[in-house]
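Read through the structure below, which is laid out as structure tokens, and then see the notes.
The values are calculated or read from the model by the stated rules, or taken from the named source; none is laboratory data. Nothing here was measured: the structure is a model prediction, and the numbers come from that model. FYI the Cβ positions are ideal-geometry reconstructions off the backbone, even for glycines, and counts take in every protein chain you see.
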Amino acid sequence: MAFVLVTLLLLGIWLFCLLDVLSTDESEMRHLSKPAWFLVTLLGFLLGALLWLLDGRPRGPRTPRPL
């Protein structure tokens, strides 16, 4: 049962990071372009997600986007 919970947690973190890459404006990303970050996160699974959270994600509060 614990294995299933850990698996679901890791899958949730990975999906969150994928969606976060897609929803982040490319001008706010650090070091790589949006398609590159998407591929790193998609193919790297947990390592890619951690790289996105630690090194690619914009720091500080996000500015709201106009509708």
### Task
Go through the range 26-43 and give me each residue that's surrounded by 12 or more Cβ atoms within 10 Å (Cβ to Cβ) and not polar (S, T, N, Q).
E28, M29, L32, K34, A36, W37, F38, L39, V40, L42
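On the given criteria, is L47 in a helix (DSSP H, G or I), more than 8 Å from the chain's Cα centre (by Cα) and either of a type outside the set (G, A, S) or closer than 24 Å to P66 by Cβ (or both)?
Details: in a helix (DSSP H, G or I): yes; more than 8 Å from the chain's Cα centre (by Cα): yes; either of a type outside the set (G, A, S) or closer than 24 Å to P66 by Cβ (or both): yes.
Against the criterion (in a helix (DSSP H, G or I), more than 8 Å from the chain's Cα centre (by Cα) and either of a type outside the set (G, A, S) or closer than 24 Å to P66 by Cβ (or both)), L47 qualifies.
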### Task
Name every residue in the range 43-58 that is within 15 Å of L10 (Cβ to Cβ) and touching a residue at least 12 places away in the same chain (Cβ under 8 Å), in order of residue number.
F45, L46, G48, A49, W52, L53
## Note on the structure
Only one of G48, G56 is modelled with pLDDT under 90, surrounded by 10 or more Cβ atoms within 10 Å (Cβ to Cβ) and out of contact with any Pro (no Cβ under 9 Å at 6 or more places or on another chain), namely G56
### Query
Taking interchain pairs and intrachain pairs at least six residues apart, which have beta carbon atoms under 7 angstrom, with the first residue in the range 1-13 and in contact (Cβ under 8 Å) with a residue 24 or more places away in the chain and β-branched (V, I, T) and the second in a helix (DSSP H, G or I) and surrounded by 10 or more Cβ atoms within 10 Å (Cβ to Cβ)?
I13/A49
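Tell me which residues, restricted to the range 26-43, are in a helix (DSSP H, G or I) and among the small types (G, A, S). Break it down into steps so the answer makes sense when it comes.
Let us first name the residues in the range 26-43 that are in a helix (DSSP H, G or I), namely 26-28, 34-43.
Of everything in the range 26-43, those that are in a helix (DSSP H, G or I) and among the small types (G, A, S) turn out to be S27, A36.
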### Query
Which pairs have Cβ atoms under 6 Å, sit 6 or more apart or on different chains, and link a residue in the range 19-42 that is basic (K, R) to one that is loosely packed, with under 13 Cβ neighbours inside 10 Å?
K34/E26
### Query
Could you count how many residues in the range 1-25 are surrounded by 10 or more Cβ atoms within 10 Å (Cβ to Cβ) and either of a type outside the set (A, V, I, L, M, F, W, C) or outside any helix (DSSP H, G or I) (or both)?
5
